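Engineer: Here's a structure for you.
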Amino acid sequence: GGMAAAVLLLLLLAAGPGPGRADAGQERRDALREELLLSPLPTGDVAATFQFRTRWDADLQRGAVSHYRLFPKALGRLVAALGVRELHLALTQGFWRTRYWGQPPLQAPAGAELWVWFQPTVTDVDKAWKELSNILSGIFCASLNFIDSTNTVIPTASFKPLGLANGTDHHLLRYAVLPREVVCTENLTPWKKLLPCGSKAGLAVLLKAERLFHSSYHSQAVHIRPICRDASCLAMSWELRQTLTVVFDFFSSGQGKKDWSLFKMFSRTLTDTCPLASQSKVYVDISPKNKEKELLEVSPPPTSVHEAVVQGEKKTYAVYDLLSPSLFNTSRSLNVQLKWKRPQDSSEMPIPTLHAQRYVAGYGLQTGQICTLIYNTHPYRAFPVILLESVPWYLRLYVHTLTIITKGKENKPSYIHYQPAQDRRRPHLLEMLIQLPANSVTKITIQFERALLKWTEYPPDPNHGFYVGSSVLSALVPSVTAMKDVDVEQSPLFTSLFPSSDGSSYFVRLYTEPLLVNLPTPDFSMPYNVICLTCTVVAVCYGSFYNLLTRTFHVEEPSRGGLAKRLANVIRKFRGVPPL
């Protein structure tokens, strides 16, 4: 009997694929690429952008997938169960200052941003949207469960799918922003746990929370989308991108010096690679930042130098390939150092082609005005921009006061979509396609009236103010340098999230500042004052009256006196003195 069992076991082992062969089959189906981009900014700060890209050649929608290797199971099952076609979630602390830092590789608004395209097979999109936001809230330990109909909009033109799309029926799209969301370590930890190597190996070793949150800007995001499996695009793959952008301040992190290193930024260095990664690289932007052509020196010497046209400009990158055997031969760790050849004079900083700012004008607590300034600094090219404004219902917009002024003249939008708000049900949605003339500033103003909320609708800190989410600008900006068609699989990750339409322009999505608006606020301390005053009056006045009305009085007869008085009178009697 034992002999027969042993023979059967040998036959089973021979017939079934061995662990090595199974792993090899899986490796062909999913792959991980990771990269870090270090970009010195014109102000002396430095931006670090991490991207971890997992590509999986599987059909998640059919629900037939049971074995997850690199793709996180929590997100994979979420996509399959709720009919998600594309998901983009960003959690951001701080504001990217485009005017001074230039165009970001990936920008996001302050707070939490979530936009999702659902499959056409989803019958009740609102129910799936609510369920999705609650599940993501649990996965990322964020307040996404506060997303409801009062802060969700359905854009018609702004958020087109970034991946494969059969059609673009905008009723399958939902977009929401929570500008008050505070991002901290409890959001970073679950984000890191989704990485195939966690934070134990590879580039994720640098993600030390203490350093990441001691910065001017911090943004972490998750992007899930379907992409073409190959050039013929006959089959579909799923792509998960986890991105993290952080800007280290020149004064607080750099001690006033413009020389940077990995250890200075993250308090750690790179010691090994993630064994699951098929590509692991560090890119350092060594392009000259101004007309003086100041050069940036990097050490140790890079593995190679890569030139690419990124966001319309020709850039040069020093590349460190962590999978190159020669990199860790000389030393056990990699500490990339950035030094300027001569002191950098930032008196003349490059100005981005497209940037914007927004503010609230007016006085008092009844009416006000939202002003948006959009700058096109291109010397001779005009281009259109799509502006999306989502304003809460308690700011009542007067659409007849909408004015768009460019160079002193009225600028009529070629497309406008406005959906009025419903009190306590949905926000205002305003989308416009505006033509920006060359070298111009376009000012967009709209007046609003502040509503008076019910006293139970105020937050615990009502005098702090109420947040209005960022405006969204989407544009195809003219490129300075002609861009060539490149293979997405061969090009760096930071160049391939947004699909480029042609070689003459590149896509940019910008966010303005969120607004903080004061609403008429009742004096919430008044009930406390009334209670204190009333209790004092009751205690003093009523207590005194009650005491007088209920007390009984007794008349006491004067007593003869005590023992001492009687002794004194006896002595006085003997002396012949009258008694007391």
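The values are calculated or read from the model by the stated rules, or taken from the named source; none is laboratory data. Quantities reported herein were computed from a predicted structural model and do not represent experimental measurements. Note that each Cβ is placed from the backbone with ideal geometry, even for glycine, and that neighbours are counted across all protein chains shown. Heads up: the accessible areas ignore ligands, DNA and RNA and are worked out on the full protein's heavy atoms, side chains in. Shrake-Rupley method; radii C 1.70, N 1.55, O 1.52, S 1.80 Å.
Engineer: Does T54 meet the test of being at pLDDT 90 or above and at negative phi? Reasoning before the result, please.
Structural biologist: Details: at pLDDT 90 or above: yes; at negative phi: yes.
Judged against the criteria, T54 is a match.
Engineer: Scan (1) of a type outside the set (K, R); (2) at pLDDT 90 or above; (3) on the phi > 0 side of the Ramachandran plot for the single condition L172 breaks and write down its number.
Structural biologist: (3)
Engineer: Being among the hydrophobic types (A, V, I, L, M, F, W, C), modelled with pLDDT of 75 or more, within 30 Å of I404 (Cβ to Cβ) and open to solvent by less than 40 Å² (accessible area, probe 1.4 Å) is the requirement here; does L354 meet it? Please lay out each step first, then the result.
Structural biologist: Working: among the hydrophobic types (A, V, I, L, M, F, W, C): yes; modelled with pLDDT of 75 or more: yes; within 30 Å of I404 (Cβ to Cβ): yes; open to solvent by less than 40 Å² (accessible area, probe 1.4 Å): yes.
It is true that L354 is among the hydrophobic types (A, V, I, L, M, F, W, C), modelled with pLDDT of 75 or more, within 30 Å of I404 (Cβ to Cβ) and open to solvent by less than 40 Å² (accessible area, probe 1.4 Å).
Engineer: How many residues does the range 202-239 hold that are under 20 Å from P492 (Cα atoms), open to solvent by 50 Å² or more (accessible area, probe 1.4 Å) and either among the aromatic types (F, W, Y) or not assigned by the TED database to the domain that holds F266 (or both)?
Structural biologist: Qualifying residue count for the region: 0.
Engineer: So, one more: Within the set of pairs 6 or more residues apart or between chains, which connect a residue that is under 11 Å from H355 (Cα atoms) inside the range 370-387 to a residue that is open to solvent by 40 Å² or more (accessible area, probe 1.4 Å) and hydrophobic (A, V, I, L, M, F, W, C) with Cβ atoms less than 7 Å apart?
Structural biologist: From the range 370-387, the pairs are L373/V441; Y375/V441; T377/I351.
Engineer: Output the residues belonging to the range 94-143 that are within 12 Å of the chain's Cα centre (by Cα) and aliphatic (A, V, I, L, M).
Structural biologist: Correct list: L106, A108, A110, A112, L114, A142.
Engineer: Still on this structure, please answer the following. Could you give every pair whose Cβ atoms fall below 7 Å, whose first residue belongs to the range 264-281 and is on the phi > 0 side of the Ramachandran plot, and whose second residue is open to solvent by 10 Å² or more (accessible area, probe 1.4 Å), counting only separations of at least 6 or pairs across chains?
Structural biologist: Listed pairs, sorted by first residue: S267/K208; S267/R211.
Engineer: Now for a different question. Can you find, within the range 293-313, the residue that is modelled with the lowest pLDDT among those that are more than 22 Å from T98 (Cβ to Cβ) and of a type in the set (S, T, N, Q)?
Structural biologist: Per the criteria, the residue is S299.
The rows are residues; the columns are (1) in contact with a strand residue (DSSP E or B) (Cβ under 8 Å, 6 or more places away or on another chain); (2) buried (at least 16 other Cβ atoms within 10 Å of the Cβ); (3) modelled with pLDDT of 85 or more; (4) over 30 Å from D59 (Cβ atoms).
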| position | (1), (2), (3), (4) |
| --- | --- |
| R241 | yes, yes, yes, no |
| V247 | yes, yes, yes, yes |
| Q255 | no, no, no, yes |
| K258 | yes, yes, no, yes |
| M265 | yes, yes, yes, yes |
| T269 | yes, yes, yes, yes |
| Q279 | yes, yes, yes, no |
| V284 | yes, yes, yes, yes |
| N290 | no, no, no, yes |
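Engineer: For the range 186-194, check the following and say yes or no: at least one residue is at pLDDT below 90 and surrounded by fewer than 21 Cβ atoms within 10 Å (Cβ to Cβ). Quick ask: steps written out before the conclusion?
Structural biologist: Residues of the range 186-194 at pLDDT below 90: none.
Checked against the condition, which is being at pLDDT below 90 and surrounded by fewer than 21 Cβ atoms within 10 Å (Cβ to Cβ), the range 186-194 yields no hits at all.
Engineer: Moving on. Name the pairs whose Cβ atoms lie under 8 Å apart, with the first residue in the range 213-225 and more than 19 Å from H88 (Cβ to Cβ), the second charged (D, E, K, R), and 6 or more positions between them or separate chains?
Structural biologist: S215/D249; S216/D45; S216/D249
Engineer: Quick test for you: out of I571, I531, pick the one residue that is more than 30 Å from P460 (Cβ to Cβ), modelled with pLDDT of 85 or more and open to solvent by 90 Å² or more (accessible area, probe 1.4 Å).
Structural biologist: On the way: I531 fails: more than 30 Å from P460 (Cβ to Cβ).
Of the residues listed, the single one that is more than 30 Å from P460 (Cβ to Cβ), modelled with pLDDT of 85 or more and open to solvent by 90 Å² or more (accessible area, probe 1.4 Å) is I571.
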